[in-house]
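Read through the structure below, which is laid out as structure tokens, and then see the notes.
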Amino acid sequence: MLRHVPHLPMFVWTWGTFFTIGVASFVLQLRAGGANAGLLRHCFPAAIWRQKSSWIDILLYLGSKLIAKLRLTYDLVCMSVVAQLTLRALGWLAPHHPVFAPNAFAVLLCSLAVFVVVDFANYLTHYLQHFVPVLWELHKVHHSATALTPFTTERMHPLGNMFDGLVAALLVGVPIGLFGGLFHFSFTEMLLLLANANMIGTILVLDALRHSHFPVRFGPLDRVLLSPHMHQLHHSYRLEHWDKNFGNKLSIWDWAFGTMFAPRPGEEIPVGLGKPEEKEYNSLFGAYLDPLCKIYRLVIGQADPGKPFYARVLWRSPRQSALLVQQTLRAAAQGRPVQPAAGDESRGLASQSRS
């Protein structure tokens, strides 16, 4: 029923959406008398595309394409293993379970269920990448971007992507195996249903604009769908924006778990890590190898040796993050220079120097 949706390459959807919104916003500015540059400059502001960060985005994007098939194979193998284990468990627990005809309603139900599970898996992995110190060292590569472009989507460390794939396999493989047993969907058919649902979601939330300078919001629908502006705020280094808006396509997880922050009209959203460390990732060496070196220093105790292993490597609680924010705000209010706690690698600690 949705067979023809995925046939257009993601590249076409991404840049088609980007230019459509760019032209629309340019026309609106012209009508309001506020456009003072041409269309190309409106879509590609020099202040963004002259930054080294944007060109590193492009290199990392090309690098991600080189290993795309390897990553896809890894994801499929992990998901297939979990799906097969789930299918065997279903046969063992309920050997005489009913088998339903895969009608249009079943297709829709299974697609929606798998889509929701995938989206929750994305929320969960994103949340963990902010609060598990070793994962944060990998995720910093993404947050080190000082300007947002459509290429920033692939500004990721490969090990971070492998972690995403593993968690997604553990969670998504269960409903795929379950529906395979109940409706006799093949693994390939379930992947097609997932791809269709994911593509529809990508189009609905204007995913191509999440990493762009177009602050598009969905109004009341922001409580269900994560608009581009909501994700752009996630990249802010301002203290009140720390660890907010982890969602991928649905915002319901952020509302449910208290991590939502709705941008106010005209609110400034400066992106990056908010401290000189972000420059360390403006090279292929820094983006790929620096995180591994920093993880090594965390594991052996060279970074923050006073903390126990679990606190140094495995978990930084939301409460610890909140206390750090309070300390930083108090220091800023008293006019004292803000210094990070020993060994702390959280983002934004030097944001006052760039505000």
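The values are calculated or read from the model by the stated rules, or taken from the named source; none is laboratory data. Bear in mind that the values here come from a model prediction, so they are computed numbers and not experimental data. Virtual Cβ from ideal backbone geometry, glycine too; neighbours counted across all protein chains shown.
Points to keep in mind about this one:
- In this entry, GLU189 passes the filter for residues that are within 30 Å of ASN103 (Cα to Cα), among the acidic types (Asp, Glu) and either surrounded by fewer than 20 Cβ atoms within 10 Å (Cβ to Cβ) or in contact (Cβ under 8 Å) with a residue 60 or more places away in the chain (or both).
- Near pairs, Cβ below 6 angstrom, 6+ apart or cross-chain, from segment 153-172 (of a type in the set (Lys, Arg)) to any residue that is part of a loop (DSSP other than H, G, I, E, B): ARG155/ALA145
- Segment 294-311, subset touching a helix residue (DSSP H, G or I) at 6+ places or on another chain (Cβ under 9 Å), assigned to a helix (DSSP H, G or I) and at pLDDT 85 or above, residue surrounded by the fewest Cβ atoms within 10 Å (Cβ to Cβ): VAL299
- Of all residues in segment 260-277, none satisfies being under 18 Å from the mean Cα position of the chain (by Cα) and under 30 Å from ALA83 (Cα atoms).
- Taking segment 293-314 as the range and being under 30 Å from GLN51 (Cα atoms) and in contact (Cβ under 8 Å) with a residue 40 or more places away in the chain as the test, the residues that pass are LYS294, ILE295.
- Hits in segment 176-222 - residues which are assigned to a helix (DSSP H, G or I) and closer than 30 Å to THR146 by Cβ: ASN198, GLY201, THR202, ILE203, LEU204, ASP207, ALA208, LEU209, GLY219, LEU221, ASP222
- Sole residue being surrounded by fewer than 18 Cβ atoms within 10 Å (Cβ to Cβ), in a helix (DSSP H, G or I), at pLDDT 90 or above and not hydroxyl-bearing (Ser, Thr, Tyr), chosen from LEU135, LEU166: LEU166
So that you can scan it fast, the table gives a plain yes or no per residue for (1) farther than 24 Å from GLY22 by Cα; (2) among the hydrophobic types (A, V, I, L, M, F, W, C):
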| site | (1), (2) |
| --- | --- |
| TRP49 | no, yes |
| SER53 | no, no |
| ILE58 | no, yes |
| SER64 | yes, no |
| GLN84 | yes, no |
| PRO102 | yes, no |
| LEU112 | yes, yes |
| VAL117 | yes, yes |
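- Taking the criterion of being surrounded by 10 or more Cβ atoms within 10 Å (Cβ to Cβ) and out of contact with any helix residue (DSSP H, G or I) (no Cβ under 9 Å at 6 or more places or on another chain), the only residue of segment 312-322 that qualifies is ALA322.
- For segment 236-258, the candidate set comprises residues that are hydroxyl-bearing (Ser, Thr, Tyr) and modelled with pLDDT under 95; within that set, the residue that is surrounded by the most Cβ atoms within 10 Å (Cβ to Cβ) is SER236.
- THR73 vs. criteria within 14 Å of the chain's Cα centre (by Cα) and either of a type in the set (S, T, N, Q) or loosely packed, with under 14 Cβ neighbours inside 10 Å (or both): no
- Here ALA68, ALA47 are screened, and the one residue that is at pLDDT below 95 and more than 30 Å from LEU159 (Cα to Cα) is ALA47.
Rundown of residues vs (1) over 30 Å from GLU280 (Cα atoms); (2) more than 22 Å from the chain's Cα centre (by Cα); (3) surrounded by fewer than 18 Cβ atoms within 10 Å (Cβ to Cβ), yes/no style:
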position: SER54; (1), (2), (3): no, no, no
position: ILE58; (1), (2), (3): no, no, yes
position: MET79; (1), (2), (3): yes, no, no
position: THR86; (1), (2), (3): yes, yes, no
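- Once segment 214-235 is narrowed to residues that are without any contact (Cβ under 8 Å) to a residue 60 or more places away in the chain, of a type outside the set (A, V, I, L, M, F, W, C) and crowded, with 18+ Cβ neighbours inside 10 Å, the residue that is farthest from TRP255 (Cα to Cα) is PRO215.
- The lone exception for HIS130 - which of (1) surrounded by fewer than 17 Cβ atoms within 10 Å (Cβ to Cβ); (2) more than 25 Å from GLY177 (Cβ to Cβ); (3) of a type outside the set (A, V, I, L, M, F, W, C) it fails: (1)
- Taking the criterion of being surrounded by fewer than 12 Cβ atoms within 10 Å (Cβ to Cβ) and not in a helix (DSSP H, G or I), the residues of segment 101-114 that qualify are ALA101, ASN103.
- Scanning segment 268-288 for residues that are touching a strand residue (DSSP E or B) at 6+ places or on another chain (Cβ under 9 Å), part of a loop (DSSP other than H, G, I, E, B) and under 19 Å from ARG210 (Cβ atoms) gives GLU268, ILE269, PRO270, GLY272.
- Only one of the listed residues (MET190, MET162) is farther than 24 Å from MET230 by Cα and in contact with a Gly (Cβ under 9 Å, 6 or more places away or on another chain). That residue is MET190.
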